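Scroll down for the structure; my scribbles are underneath it.
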Amino acid sequence: MENVKKASKIGSFLKILIVILILIAVSNSTYIVKENEYAYVTRFSKFIKMQDTAGLHFKMPLLDKVETIPQYRMMYDIPPSEVLTGDKKTLVVDNFAVWQIDDPYTFMKTVSRITEMENRIDAVVYNAVILLTVFINV
């Protein structure tokens, strides 16, 4: 009788363990893409596929890595900068940029991070402001 109780406890433990392992395997092999984002899937740092349709998708557990990229327009508030005019007066210029990712594959290959893109936008807008002040002063 004691052996039967031990066997049933071990059987119950094994069933619970199997259910937990199955749940872990399923959660590691699926990912969810929201309506307003792209999913960029890589395997060993090499591009596999780009998902732009919302819903539940599958991947290889432990091998594939999924990064999400927003599809919506983002606003980047550029820090105010001081610009020297032609008559040696200082202007404080405050501006912002609205941008969005149209080609997620190219974005991930060239930039790969939103913060890096904001740094690039910052440099481009600052140069454009400098050029604009030069043309205004001429």
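Bear in mind these aren't lab numbers, they're just calculated from the coordinates by the rules spelled out. None of these values were measured; they are calculated from a predicted model. Heads up, the Cβs are rebuilt from the backbone with ideal geometry, glycines too, and the neighbour counts pull from every protein chain shown.
Miscellaneous remarks
- For the range 24-64 and the range 76-124, distance of Cα centres in Å: 30 Å
- Taking 22 Å as the straight-line reach from the Cα of K49, the lysines in range (excluding those fewer than 8 positions away in the same chain) are K34, K59, K65, K109.
- Distant-in-sequence amide H partners of I48 (H built 1.01 Å from N, under 5 Å): V41, T42, R43
- The Kirkwood radius of the chain, taken over pairs of alpha-carbon atoms, gives through the Stokes-Einstein law at 4 °C and 1.567 mPa s a diffusion coefficient of 66 µm² s⁻¹.
- Mean projected area in nm² (Cα convex hull; one quarter of hull surface) for the range 2-70: 5.8 nm²
- Column: log10 I(q)/I(0), Debye, Cα scatterers of the range 74-137, q = 0.19, 0.27 Å⁻¹: -0.75, -1.15
- FRET efficiency for the pair V111 and M60, taken as 1/(1 + (r/R0)^6) with r the Cβ-Cβ distance and R0 = 25 Å, rounds to 0.45.
- All Cα pairs of the range 44-112, percent lying beyond 15 Å: 69 percent
- When only Cα pairs below 8 angstrom with a gap of at least 6 residues are kept, the range 2-70 shows a relative contact order of 32 percent.
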